[in-house]
Amino acid sequence: MAETPGSGLDFVFADVDKATRYKLLSGVIVPRPIAFVTTLNEDGVVNAAPYSFFNVFSDDPPLIVLGLQRKPDRTVKDTTRNIELTGEFVVNMVDEPLAAAMNDAAADFPPGISEPEVLGLALAPSNTTRVPRLAAAPFALECRKTMSLAFNASRELLIGEVTGLHARAGVLDTGTLRVDFAAYRPVGRLFGDLYTRQTEIFALKRRTPEEVLATRPNDTE
Ligand SMILES: Cc1cc2nc3c(=O)[nH]c(=O)nc-3n(C[C@H](O)[C@H](O)[C@H](O)COP(=O)(O)O)c2cc1C
């Protein structure tokens with residue numbers, strides 16, 4: 001790390017240890033959406049766990065990405081194992097009422113223990129996957145694994161195709177399909193145990209280059 005007084009801090013990542021890289025990247029790239037992922041194991045037990053190395057990647061094809069880490073002992077997490085087994089999963093989006101259960105589902109329950117059952121989260125059938133969704137979730141994205149990229153022994157990027165979407169009653173306008181953010185109340189992840197609510201919204205209209213230049217004259221002219 002280099003510090004020039006008054007000029008901020010500079011990091012060359014080749015010289016930065018793993019814990020610091022995590023602290024920087026997960027603290028800086030915020031807020032992150034949270035995928036509360038449900039999967040099925042070979043006995044039909046429903047697993048649920050949160051993943052915030054998550055985002056939409058493309059709408060055509062409709063793809064989402066998940067960053068799956070291994071446990072400290074290098075064994076795979078139940079979510080990873082179940083997706084490998086069945087090729088399917090559901091991303092349940094997290095709102096304020098679901099946040100506490102999402103956090104509890106991150107506890108390292110042994111394989112075969114169903115977090116939805118332990119936490120009293122009701123399930124509902126999906127339309128395009130065998131994996132059920134969380135009934136309380138504002139939105140559920142039904143997904144099938146497209147591919148995964150392993151970067152080292154403990155990091156995998158999983159790409160999933162969205163095959164169906166369920167919206168809870170009231171969160172989408174049935175005519176315009178616009179999201180009602182007051183009804184949705186999404187929660188984002190900051191760093192460590194910190195989260196954020198969607199409290200204020202503002203709009204910025206997209207402008208043409210001519211409109212931008214008309215209101216931002218070049219200083220050198
Ligand atoms: C908000 C939040 C976000 C998380 N994001 C990730 C993530 O992106 N990748 C990951 O491997 N683990 C992540 N975790 C940790 C997993 O949820 C945790 O290891 C969990 O026990 C995995 O459960 P499973 O073995 O049932 O899949 C996150 C935890 C929390 C609370």
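Mind checking whether some residue in region 175-188 is touching a Cys at 6+ places or on another chain (Cβ under 8 Å) and surrounded by 15 or more Cβ atoms within 10 Å (Cβ to Cβ)?
Initial filter on region 175-188 (touching a Cys at 6+ places or on another chain (Cβ under 8 Å)): none.
So far as region 175-188 goes, no, none of its residues is touching a Cys at 6+ places or on another chain (Cβ under 8 Å) and surrounded by 15 or more Cβ atoms within 10 Å (Cβ to Cβ).
Restricting to region 197-211, give me the number of residues that are surrounded by fewer than 10 Cβ atoms within 10 Å (Cβ to Cβ) and over 19 Å from Ala182 (Cα atoms).
As a first pass, look at region 197-211 and keep what is surrounded by fewer than 10 Cβ atoms within 10 Å (Cβ to Cβ): 199-206, 208-210.
Now drop any that are not over 19 Å from Ala182 (Cα atoms), which leaves 204-206, 208-210.
So the answer is 6.
Among the listed residues Arg185, Arg168, which satisfies the condition of being farther than 25 Å from Pro61 by Cα, of a type in the set (Lys, Arg), at pLDDT 95 or above and touching a helix residue (DSSP H, G or I) at 6+ places or on another chain (Cβ under 9 Å)? Walk me through how you get there before you give the answer.
Values: Arg168 fails: farther than 25 Å from Pro61 by Cα.
Of Arg185, Arg168, the one residue that is farther than 25 Å from Pro61 by Cα, of a type in the set (Lys, Arg), at pLDDT 95 or above and touching a helix residue (DSSP H, G or I) at 6+ places or on another chain (Cβ under 9 Å) is Arg185.
Would you confirm whether any residue within region 3-26 is within 21 Å of Arg185 (Cα to Cα), within 12 Å of the ligand (Cβ to nearest atom) and of a type outside the set (Gly, Ala, Ser)? Spell out how you get there, then give the answer.
Step one: filter region 3-26 for residues within 21 Å of Arg185 (Cα to Cα), giving none.
Scanning region 3-26, I find no residue that is within 21 Å of Arg185 (Cα to Cα), within 12 Å of the ligand (Cβ to nearest atom) and of a type outside the set (Gly, Ala, Ser), so the answer is no.
Considering only region 39-153, give the strands (runs of 3 or more DSSP E) lying wholly within it that have at least 1 residues that are away from the ligand (no atom under 12 Å from the Cβ). First the steps, then the outcome.
Values: elements: 46-51, 54-59, 62-69, 88-93, 139-152.
Those strands (runs of 3 or more DSSP E) span 54-59, 62-69, 88-93, 139-152.
For residues that are surrounded by fewer than 17 Cβ atoms within 10 Å (Cβ to Cβ), among the small types (Gly, Ala, Ser) and touching a residue at least 12 places away in the same chain (Cβ under 8 Å), tally how many sit in region 137-152.
Residues flagged as surrounded by fewer than 17 Cβ atoms within 10 Å (Cβ to Cβ), among the small types (Gly, Ala, Ser) and touching a residue at least 12 places away in the same chain (Cβ under 8 Å) within region 137-152 amount to 1.
Inspect all residues belonging to region 171-179 and state whether any of them is assigned to a loop (DSSP other than H, G, I, E, B) and closer than 22 Å to Leu123 by Cβ. Give the steps one after another, and end with the answer.
Pass one, region 171-179, residues assigned to a loop (DSSP other than H, G, I, E, B): 171, 173-178.
If we keep only those that are closer than 22 Å to Leu123 by Cβ too, we end up with 171.
Looking through region 171-179, at least one residue is assigned to a loop (DSSP other than H, G, I, E, B) and closer than 22 Å to Leu123 by Cβ.
Please verify whether Phe36 is within 8 Å of the ligand (Cβ to nearest atom), of a type in the set (A, V, I, L, M, F, W, C), touching a residue at least 12 places away in the same chain (Cβ under 8 Å) and closer than 21 Å to Ala101 by Cα, treating the condition exactly as stated. Can you show your working first?
Values: within 8 Å of the ligand (Cβ to nearest atom): no; of a type in the set (A, V, I, L, M, F, W, C): yes; touching a residue at least 12 places away in the same chain (Cβ under 8 Å): yes; closer than 21 Å to Ala101 by Cα: yes.
No: the conditions fail for Phe36.
Could you check how many residues of region 77-93 are β-branched (Val, Ile, Thr), closer than 25 Å to Gly188 by Cα and surrounded by fewer than 24 Cβ atoms within 10 Å (Cβ to Cβ)? Explain how you work it out, then say what you get.
So the first thing to find is which residues in region 77-93 are β-branched (Val, Ile, Thr), and the list is 79-80, 83, 86, 90-91.
Next, from what is left, pick out any that are closer than 25 Å to Gly188 by Cα: 79-80, 83, 90-91.
Cutting the leftovers down to surrounded by fewer than 24 Cβ atoms within 10 Å (Cβ to Cβ) gives us 79-80.
Final tally of qualifying residues: 2.
Just to be sure I understand the filter: pairs with C-beta atoms under 6 Å, separated by 6 or more residues or on different chains, first member in region 78-96 and among the basic types (Lys, Arg), second member in a helix (DSSP H, G or I). Which pairs pass?
Sorted first by the residue in region 78-96, then by its partner, the list stays empty.
It is to be established whether one or more residues within region 178-187 are of a type outside the set (Val, Ile, Thr), at negative phi, within 20 Å of the chain's Cα centre (by Cα) and within 16 Å of the ligand (Cβ to nearest atom).
Checked against the condition, which is being of a type outside the set (Val, Ile, Thr), at negative phi, within 20 Å of the chain's Cα centre (by Cα) and within 16 Å of the ligand (Cβ to nearest atom), region 178-187 yields at least one hit.
Quick one: would you say Lys71 is surrounded by 13 or more Cβ atoms within 10 Å (Cβ to Cβ) and touching a residue at least 12 places away in the same chain (Cβ under 8 Å)? Please lay out each step first, then the result.
Numbers: surrounded by 13 or more Cβ atoms within 10 Å (Cβ to Cβ): no; touching a residue at least 12 places away in the same chain (Cβ under 8 Å): yes.
Considered against the rule, which asks whether it is surrounded by 13 or more Cβ atoms within 10 Å (Cβ to Cβ) and touching a residue at least 12 places away in the same chain (Cβ under 8 Å), Lys71 comes out as no.
The values are calculated or read from the model by the stated rules, or taken from the named source; none is laboratory data. Since this is a predicted model, take the numbers as computed values, not measurements. All Cβ positions, even for glycine, are placed from backbone atoms using ideal geometry, and neighbour counts span all protein chains on display.
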